[in-house]
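J.: Sharing a structure here in structure tokens format.
Just so you know, all these numbers are worked out from the coordinates, no wet-lab data involved. Note that the structure is predicted; figures quoted are calculated from it, not measured. Every residue, glycine as well, gets a Cβ built from its backbone with ideal geometry; the counts of neighbours run over all protein chains shown.
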Amino acid sequence: MCYLLVTLMLFLKEYADLKLRPRLNKDLHNFQGSLNRFSARISRVMKRSDLERVLEQEIYHVLPVKKVAFLEVDTDRLSELKLDPSLADIRESVISAVQASANQLVIGTVLNVERGICVIAGKKLNILHVLWLDVKGNRTKYNLDELAWLRTLANYSAIVYENLYLIESLVEELELEFQKQKGADTSPWLLRLIFKLSEKERRKLASDLHDSALQDQLIWYRNLESAMLDHDMSPELYEKLVNVREGLLDVIHQIRETCNELRPPLLQEMGIIEALEGLFEQAQIRSNYIIDFRYGVVTADINDEQLLTIFRIVQELLRNASKHAKASHIRITLEQQRNDIRLTYMDDGIGLKLEDLKDSYQHMGLSGIKERVHSMEGVIDFKSEPGNGLEVEISLPLESVSWDRESEGDSDGSHLAG
């Protein structure tokens with residue numbers, strides 16, 4: 001009796017799903033809307049798993065399919081094809097279908113298998129990315145419109161698969177370049193690429209902090225102030241809420257400072273001198289050192305990348321002075337000398353042995369400074385002795401053949417930053 005009841009319930013569930021799903025899901029068989037939605041979503045895909053998840057969701061939206069899976073088929077090793085245990089019954093039919101269509105396996109090819117169909121959605125050499133769809137819930141065959149829609153999705157997906165392969169190849173080339181450069185100076189172009197990508201991530205993080213965490217804190221601050229004004233409360237409770245309000249203000253201030261460090265505000269509009277003066281003002285509030293900033297007239301046009309490089313170098317030197325050097329007085333000089341920008345830094349901190357400078361790079365942040373200078377084809381010189389502070393002299397060329405050559409192809413460097 002129980003067996004019959006369970007069977008009846010499952011049958012009713014299947015029947016209800018078949019009859020009601022088209023009415024509840026307005027996207028069912030809306031092929032044009034699906035393609036518009038899918039093309040918009042795949043523009044944000046960064047990984048193969050993301051692409052497959054978006055593709056799977058789109059199929060469930062449009063077709064009454066019970067199950068979808070992604071297969072990776074090596075045409076040279078079909079006998080070694082491994083599938084999920086739940087798909088064991090279609091393994092032999094997949095192998096047979098691929099063998100039968102060996103000379104016609106192009107993107108969008110539809111293969112009929114033991115249960116459902118397979119669609120070729122990506123290809124690299126002998127590797128096929130195959131989309132498998134189970135039989136439809138209504139047990140009908142896939143019609144011409146559905147197959148045409150699936151082929152279009154497959155063509156879209158193939159482009160994304162190809163781009164993801166290109167990105168993987170680029171990463172592999174960069175890793176090989178790093179391996180080659182071990183023990184030698186890394187190429188300036190490679191360092192510049194890394195710093196550009198790093199700055200892009202900094203800007204994104206600063207934007208996320210500003211638009212989410214900072215705005216949330218401001219809302220809670222306003223709600224707290226409103227509650228304190230609109231409600232009567234005991235002096236003890238009021239005093240506690242005042243402390244909470246001050247704490248929120250501190251958090252808001254810290255988030256704003258973090259955003260400004262990640263993405264220096266109006267660096268190009270303010271100019272390097274004003275930007276550095278603002279940085280020094282904030283740094284002296286947080287630290288115990290005094291900064292003596294001297295600068296000459298800078299008549300040359302400094303591009304955005306050079307401005308940011310100088311700003312980041314000074315930022316890192318101040319961080320080193322606060323965390324490691326234990327300096328109380330810092331002198332920074334910035335001036336233009338012919339075709340160079342000269343930056344000189346001196347502090348009265350604990351100093352270090354020059355022969356130990358290589359090891360000190362790893363924990364003092366000086367390696368990042370050296371690499372930034374090298375990426376701009378500049379020159380850097382360290383001078384220091386234990387107990388006599390640290391002196392850094394940096395020279396950055398205002399004109400560079402490599403910069404001019406790159407700017408001809410892409411003046412804003414978008415081909416590097418993405």
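J.: How do 316, 80 line up, fewest other C-beta atoms within 10 Å first?
T.: Values: 316 17, 80 7.
Lowest count first: 80, 316.
J.: Along the Cα→Cβ direction, 7 angstrom out, place labels at residue 103 and residue 254. What is the inter-label distance in nm?
T.: With each label point 7 Å from Cα toward Cβ, the separation is 7.0 nm.
J.: Could you tell me the distance between the Cα centroids of the stretch 264-305 and the stretch 90-119, to the nearest Å?
T.: When both Cα centres are located, 64 Å separates them.
J.: Report the relative contact order of the stretch 193-341, percent, no decimals, based on alpha-carbon pairs under 8 angstrom and at least 6 residues apart.
T.: Details: 89 pairs, mean separation 36.3, N = 149.
After rounding, I find 24 percent.
J.: What is the percent of Cα-Cα separations in the stretch 25-166 that go past 27 Å?
T.: Working: 1655 of 10011 pairs.
Above the 27 Å cut-off, the stretch 25-166 has 17 percent of its Cα pairs.
J.: Given labels modelled 7 Å from the Cα in the Cβ direction, how far is it in nm from residue 66 to residue 381?
T.: A separation of 7.9 nm, rounded to one decimal place.
J.: In addition: Multiply the residue separation of residue 286 and residue 269 by 0.36 nm, subtract the distance between their alpha-carbon atoms, and state the gained length in nm to one decimal.
T.: On the way: separation 17, 0.36 × 17 = 6.12 nm, distance 2.55 nm.
This chain segment gains 3.6 nm when fully extended.
J.: State the extension gain, in nm to one decimal, for the chain segment bounded by residue 231 and residue 115, taking 0.36 nm per residue of separation less the distance between their alpha-carbons. Let's see the in-between values first.
T.: On the way: separation 116, 0.36 × 116 = 41.76 nm, distance 6.78 nm.
The residue 231-residue 115 span can extend by a further 35.0 nm.
J.: Highest first, please rank the peptides 221-231, 283-293 by the mean number of other Cβ atoms sitting within 10 Å of their residues.
T.: Listed from highest to lowest mean packing, they are 283-293, 221-231.
J.: For the stretch 194-281, just list the percent of Cα-Cα distances falling in each 5 Å bin from zero outward, please.
T.: The calculated distribution, bin by bin, is 3, 13, 17, 16, 16, 11, 9, 7, 5, 3, 1, 0.
J.: Roughly how many nanometres apart are two label points built 7 Å out from the Cα toward the Cβ at residue 319 and residue 239?
T.: My value for the distance between the label points is 4.1 nm.
J.: Using the 10 angstrom Cβ neighbour count as an exposure proxy, how do 270, 233 rank, fewest first? Walk me through the numbers on the way to the answer.
T.: On the way: 270 15, 233 12.
Ranking 270, 233 by Cβ neighbours within 10 Å, fewest first, gives 233, 270.
J.: Could you calculate the contour length gain from residue 88 to residue 124, that is, 0.36 nm times the residue separation minus the distance between their Cα atoms, to one decimal place in nm? Spell out each step's value before the answer.
T.: Numbers: separation 36, 0.36 × 36 = 12.96 nm, distance 2.48 nm.
Between residue 88 and residue 124, full extension yields 10.5 nm more.
J.: Taking the stretch 84-176, how much of its Cα-Cα pair set, in percent, is spaced more than 22 angstrom apart? Provide the component values of the computation, followed by the final result.
T.: Values: 1553 of 4278 pairs.
Within the stretch 84-176, distances greater than 22 Å cover 36 percent of Cα pairs.
J.: Where the centroid of each part is defined by its Cα atoms, how far is the stretch 207-244 from the stretch 48-77 in Å?
T.: When both Cα centres are located, 48 Å separates them.
J.: Moving on to the next point. Taking the Cα atoms of the stretch 36-99, what is the range of coordinates along each of the three principal axes, in descending order and whole Å?
T.: Dimensions of the stretch 36-99 along the principal axes of its Cα atoms: 38, 27, 20 Å.
J.: Put +1 on the Cβ of each Lys and Arg and -1 on the Cβ of each Asp and Glu in the stretch 187-263; which of 219, 248, 258 then has its Cα farthest toward the positive end of the dipole?
T.: 258
J.: Hey, another quick one. To the nearest 20 debye, what is the magnitude of the charge dipole of the stretch 208-259 about its Cα centre, counting +1 on the Cβ of each Lys and Arg and -1 on the Cβ of each Asp and Glu? It would help to have the intermediate numbers written out before the result.
T.: Numbers: 4 positive and 11 negative charges, 8 e Å.
Roughly 40 debye for the stretch 208-259.
J.: Which value, in debye to the nearest 20, gives the size of the charge dipole of the stretch 75-171 about its Cα centre, when Lys and Arg are +1 and Asp and Glu are -1 at the Cβ? Write out the running numbers ahead of the final one.
T.: Values: 10 positive and 11 negative charges, 30 e Å.
Result for the stretch 75-171 is approximately 140 debye, rounded to the nearest 20.
J.: Taking other Cβ within 10 Å of each residue's Cβ, how do 310, 95, 330 sort, fewest first? Present the calculation step by step, with values, prior to reporting the outcome.
T.: Working: 310 22, 95 15, 330 26.
Listing 310, 95, 330 from fewest to most nearby Cβ atoms yields 95, 310, 330.
J.: Hey, another quick one. Return the FRET efficiency for the residue pair residue 303, residue 138: r is the Cβ-Cβ distance, R0 is 56 Å, and the value is rounded to the nearest 0.05.
T.: On the way: r = 63 Å, r/R0 = 1.12.
The value I calculate is 0.35.
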